[in-house]
Amino acid sequence: MAEINNNLFAVEAPQQITFSIEENNTVYDVSADFSLEGKESLLTQLKKLILESA
């Protein structure tokens, strides 16, 4: 049986990302810090941000 090297599949996730979203002529600058201890996903936080400003 062939041996699989698990290190080939290891991908390091970014610790932080920054991007902008334009919605209804409003530009949202988003910075996200990643932590395994977080309680909400980035998409959940974006949804709340957009709905609060609507």
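Read the figures in this text as sums done on the coordinates, not as results from a lab. If you're wondering where the values come from, they're calculated on a predicted model, not measured in any experiment. Quick reminder, even Gly has a Cβ in these numbers, built from the backbone with ideal geometry, and neighbours come from all protein chains shown.
Which peptide among 25-33, 43-51 comes first, and what is the full order, when sorted by highest mean count of other Cβ atoms within 10 Å? Could the numbers behind the result be given before it?
Working: 25-33: 10.0, 43-51: 11.8.
Final packing ranking: 43-51, 25-33.
What is the sum of charges around residue 52, taking Lys and Arg as +1, Asp and Glu as -1, for the other residues whose C-beta is under 15 Å from the C-beta of residue 52? Display every interim value, and only then the final one.
Values: positive: 47, 48; negative: 23, 40.
Its environment carries a net charge of 0.
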